[in-house]
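Let me begin by presenting the structure, written as structure tokens, before commenting on it.
The values are calculated or read from the model by the stated rules, or taken from the named source; none is laboratory data. Predicted model, so just to flag it, every value in this text is computed and none were measured. Note that we place each Cβ from the backbone using ideal geometry, even for glycine, and neighbour counts take in every protein chain shown. Side chains included, ligands, DNA and RNA excluded: accessible areas come from the protein's heavy atoms. Shrake-Rupley method; radii C 1.70, N 1.55, O 1.52, S 1.80 Å.
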Amino acid sequence: MKSRIPPGTVETETIAAVATPPGRGGVGIVRISGPLVQNVARALIKAVLNPRYAMYCDFLAEDNSVIDQGIVLYFPAPHSFTGEDVLELQGHGGPVVLEMLLTRVTGLGARIARPGEFSERAFLNNKLDLSQAEAIADLIDSASQQAAKSAVKSLQGEFSKKIQSINENITALRMHVEAAIDFPEEEIDFLSDEKISDGVQVIGESLTAVLQQASKGVLLREGITLVLAGRPNAGKSSLMNLLSGKDAAIVTHIAGTTRDLINEYINLDGVPLKLVDTAGIRAVENEVEEQGVRRALAEIEYADGVLLLIDLNEYRDWSAGITDLLEELPDNDKVIIILNKVDLIDEMPDVPVDFPYPVIPLSAKLGTGHDELLSRIKQIFALDLSGEGSFIARTRHIDALNRALNHLRQGKEQLSTHHAGELLAEELRLSHESLGEITGDFSSDDLLGRIFSSFCIGK
Ligand code: GDP
């Protein structure tokens with residue numbers, strides 16, 4: 001496999017890190033990768049390494065005293081995670097003993113690895129593409145079983161394969177278009193060439209399909225933020241507690257107690273739902289509370305959706321009473337109106353015909369309407385993740401897919417308005433490049449740096 005490391009790059013340093021989480025555990029692992037692995041092993045275990053063979057031995061200090069005893073595993077290049085010589089020392093999982101082992105290894109010429117540096121090397125040595133490397137971090141960070149399953153699919157290359165297959169179609173089409181440009185004497189009419197129009201059509205359809213799947217993958221990874229808004233005492237904290245199943249927010253009958261924002265995460269069919277309880281939206285005299293209200297409005301701006309709570313007990317005609325509240329809301333089509341405290345009224349409230357938002361009567365106190373609210377949230381956000389097809393994805397993948405699709409559309413437009421094959425060829429090239437950002441074939445060092453530095457140490 002071809003390395004992504006630019007030719008002429010100086011020889012890589014040997015890196016080392018504790019790969020198991022901090023704290024105490026039965027086993028603690030120090031991972032080492034790079035050209036000095038064999039030298040480190042020679043000094044540390046004084047035995048000949050046997051590739052991919054678990055060997056029990058002493059880990060020795062410089063004065064030959066024993067630091068720890070454990071298993072050593074050796075994976076010679078290129079058949080290792082990083083593609084370099086890799087040594088794994090599986091000792092006991094105590095912070096002090098692992099630190100002593102790591103210090104010994106660095107004393108033998110290795111340096112401490114940066115976060116994500118092992119994965120970065122795996123990427124640079126072409127053992128994984130960028131979206132697969134990201135899937136490792138996403139698997140480790142998975143907040144639900146669905147997210148974990150989808151991350152494994154991406155890690156196995158399911159997402160990359162789709163991108164590669166679209167890229168192959170783009171390349172084939174580019175070759176056809178560019179060949180036509182190069183031989184103008186053959187007078188190809190780009191517009192009526194079905195091979196071109198069909199090609200553009202097929203690529204567009206595949207891009208749209210991947211975009212849809214990837215959007216679900218993003219939901220699994222990044223979740224949905226829902227803001228609980230409404231006047232003080234409408235029951236926001238009570239609803240938060242009902243949804244999260246614990247007493248996260250302080251419930252009180254004194255208006256304006258939720259002065260700060262409180263976040264809770266719940267798992268809705270595998271999608272992390274972040275609930276933000278806000279201070280009541282109303283005119284306020286008190287400065288602390290005013291800040292809370294301002295922050296509530298700011299949160300609404302950034303949220304994916306809003307649950308606007310109305311205390312039914314407060315109004316004779318709730319819909320007439322909340323016109324000012326509706327005005328406070330930014331343009332957001334993901335608003336659900338919750339008519340709370342239905343347990344206190346005798347008749348079910350009416351909903352005016354053509355009311356612009358979904359309305360759910362509920363009792364945060366008794367739990368009535370809870371299931372209906374959850375299914376409405378799933379419906380609004382199209383949270384149908386039941387299909388096995390989803391893979392994990394990130395916002396940056398969605399951006400790249402959208403850009404690829406836009407270039408394709410622009411190319412098509414250029415072709416129909418200007419009949420210009422050159423402009424189509426250029427847009428196809430840009431579309432290809434955008435997709436290459438997903439797999440890392442066209443990525444700036446800056447982007448790579450940002451991605452890998454967000455990984456944990458030892459990964
Ligand atoms: P917030 O200011 O919007 O966060 O409102 P709270 O959740 O603190 O609730 C204010 C008061 O209304 C508390 O005394 C709650 O017990 C009460 N409350 C909230 N929801 C309901 C409900 O569905 N039914 C009844 N009867 N009382 C409720």
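Observations on the model:
- Asp311 vs. criteria within 11 Å of the ligand (Cβ to nearest atom) and under 18 Å from Pro232 (Cα atoms): yes
- Count - residues of the range 192-234 that are within 16 Å of the ligand (Cβ to nearest atom) and open to solvent by 10 Å² or more (accessible area, probe 1.4 Å): 3
- Residue in the range 69-79 that is under 38 Å from the mean Cα position of the chain (by Cα) and of a type in the set (Phe, Trp, Tyr) present: yes
- Residue in the range 446-453 that is hydrophobic (A, V, I, L, M, F, W, C) and open to solvent by 40 Å² or more (accessible area, probe 1.4 Å) present: no
- Among the conditions (1) at pLDDT below 95; (2) farther than 19 Å from Gly440 by Cα, the only one that Asn406 does not satisfy is (1).
- The set of residues in the range 126-154 being within 13 Å of the chain's Cα centre (by Cα), farther than 19 Å from Gly223 by Cα and without any contact (Cβ under 8 Å) to a residue 40 or more places away in the chain consists of Gln132 alone.
- Any hit, the range 394-406, residues being in a loop (DSSP other than H, G, I, E, B) and within 27 Å of Glu437 (Cα to Cα): yes
- Identity of the residue in the range 19-49, among the aliphatic types (A, V, I, L, M) and assigned to a strand (DSSP E or B), that ends up surrounded by the most Cβ atoms within 10 Å (Cβ to Cβ): Ile32
- In the range 362-374 there is at least one residue that is free of Cβ contacts under 8 Å to residues at least 24 places away in the same chain, outside any loop (DSSP other than H, G, I, E, B) and within 16 Å of the ligand (Cβ to nearest atom).
- Looking across the range 314-344, the residues that are within 11 Å of the ligand (Cβ to nearest atom) and at pLDDT 90 or above come down to Ile338, Leu339, Asn340, Lys341, Val342, Asp343, Leu344.
- For Asn241, the requirement of being within 16 Å of the ligand (Cβ to nearest atom), touching a strand residue (DSSP E or B) at 6+ places or on another chain (Cβ under 8 Å), modelled with pLDDT of 75 or more and not in a strand (DSSP E or B) is not met.
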